[in-house]
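These notes are about the structure you will find just below.
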Amino acid sequence: MSTSWRITVAPAGFSFEAASGMALMEAARRAGILLPASCRNGTCRTCMCRAKGKARHLIEWPGLSLEEKQEGYVLPCVATAESDLVLEAPGARLEGPKPVSSG
C-alpha cells in the first residue's frame, strides 16, 4: 500500500497529494501547481523554501547548508514528504491553460 501526504503551499493555500518517495516538485506539477524552479537537480536553490513537517532529500547533500537544513529549508525538486507538510513558497502559482495553436 502506497502512502501519500497532504502538502499545503503557503501563502496561496494550494494543496496537493504527494506519494511517498515522489519529489515534491513533481507531485505539485502533476496537481497543476508550479513551484519556482530552474535546475531541478538540487544545486541552483531556485526552489528553496521552508517546510513545516517532515521531509527527506533524495540526494545526500543538496545545495543547502547544514544550518539551512536545521532551520527547515528544503529543495522540493529533490525532496520527498515523510509527513503532511506546509511549504512556504510565495512564488508558487497555478499552471495556466495551455495555449491553443492556430494552424
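The values are calculated or read from the model by the stated rules, or taken from the named source; none is laboratory data. This is a predicted model, so every value here is computed, not measured. Note that we place each Cβ from the backbone using ideal geometry, even for glycine, and neighbour counts take in every protein chain shown.
Picking from Ala12, Ala27, which residue would you name as being aliphatic (A, V, I, L, M), touching a strand residue (DSSP E or B) at 6+ places or on another chain (Cβ under 9 Å) and more than 16 Å from Glu88 (Cβ to Cβ)? Working first, answer last.
Details: Ala12 fails: more than 16 Å from Glu88 (Cβ to Cβ).
Only one candidate passes the filter, namely Ala27.
Suppose we filter Gly91, Gly72 for residues that are small (Gly, Ala, Ser), touching a strand residue (DSSP E or B) at 6+ places or on another chain (Cβ under 9 Å) and farther than 26 Å from Ser2 by Cβ; which single one remains? Talk me through it step by step, then tell me what you get.
Details: Gly72 fails: farther than 26 Å from Ser2 by Cβ.
Residue meeting the stated conditions: Gly91.
Hey, could you check the stretch 72-103 for residues that are at pLDDT 95 or above and hydroxyl-bearing (Ser, Thr, Tyr) and say which is nearest to the chain's Cα centre (by Cα)?
Thr80
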